[in-house]
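*Asks:* Quick one: this structure, given as structure tokens, is what I'll be asking you about.
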Amino acid sequence: MRRVLPIIICLTGLLYPAYADAKITQLAQPQMVLHAIDSPAKSRPRMVRTIWDTTPWTGRQTSLPVLGTRKYAGQSWVHLILMGRPNGLRGWVKAEQVKLITNHWGIRVDISNRILVARKNGKIVKRLQVVVGAPSTPTPQGHFYIEDRVRITQTWEQNGWALSTSAFSDILRHFDGGYGQIAIHTRGSLTDAMGTAASHGCVRVPAAVAGWLARWIPPGTPLDIVR
């Protein structure tokens, strides 16, 4: 059974990491439990959120994008983007409890133009048209991250790749047996043309691109979804 990690929540928005050399954080040790608070500056802080120490799909160690760091009362803290509803969750953890690593990748999805752009070190590596959410089930906008890379086992696709993200549908609480979590995934037998708005909120890409993303994009990669 996986352990849970108590972490802190901060809903105030900060600048999102640049695509070039964005920092991501992992647990310093496998299955380590973090003791977290809602603000390092409070004399009586509170814990208001928990997350898993590993991803639910594959059991990989949790990786989260770093928004910034600060010192308070002689301790260093790391500000992170978090998984869960509502979209836009943020939190603080002690720097000594995580491991900082460098991620050279970033993904941006433009909903209006239905374009996905993958960058490495700030340079465009791949740019293509995609399928985005239909008007009734739009793809949520915001600053998110790639949670994990997984194989799909659904009626419309039995072995294609998906990148699960920290974004959740603002309309649907459940679909395809999940909890309304947004993914970037292969189109499988879903025949809507690239460049259209037809999904339940997920971003569909050709099978070859899904495989490429799964190979190169690591968990914790920043994801911007904009209009």
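The values are calculated or read from the model by the stated rules, or taken from the named source; none is laboratory data. None of the values given here were measured: they were computed from a predicted structure. Positions of Cβ are generated from backbone atoms using ideal geometry, with glycine treated the same way; all protein chains shown enter the neighbour counts.
*Asks:* Looking only at segment 107-125, which residues are closer than 21 Å to GLU147 by Cα and of a type outside the set (A, V, I, L, M)? Break it down into steps so the answer makes sense when it comes.
*Replies:* First, pick out the residues of segment 107-125 that are closer than 21 Å to GLU147 by Cα: 107-111, 115-122, 125.
Residues satisfying the conditions are ARG108, ASP110, ARG119, LYS120, ASN121, GLY122.
*Asks:* When segment 199-226 is examined, which residues are found to be closer than 21 Å to SER136 by Cα, surrounded by fewer than 17 Cβ atoms within 10 Å (Cβ to Cβ) and more than 18 Å from the chain's Cα centre (by Cα)?
*Replies:* Selection gives nothing.
*Asks:* Within segment 172-191, track down each residue that is at pLDDT 90 or above and more than 18 Å from PRO140 (Cα to Cα). Break it down stepwise before answering.
*Replies:* Residues of segment 172-191 that are at pLDDT 90 or above, as a first pass: 181-186.
Residue satisfying the conditions is THR186 alone.
*Asks:* I need the strands (runs of 3 or more DSSP E) fully contained in segment 69-150, keeping only those with at least 2 residues that are among the polar types (S, T, N, Q), surrounded by fewer than 13 Cβ atoms within 10 Å (Cβ to Cβ) and outside the structural domain of PRO219 (by TED's automatic domain parsing).
*Replies:* Result: 75-81.
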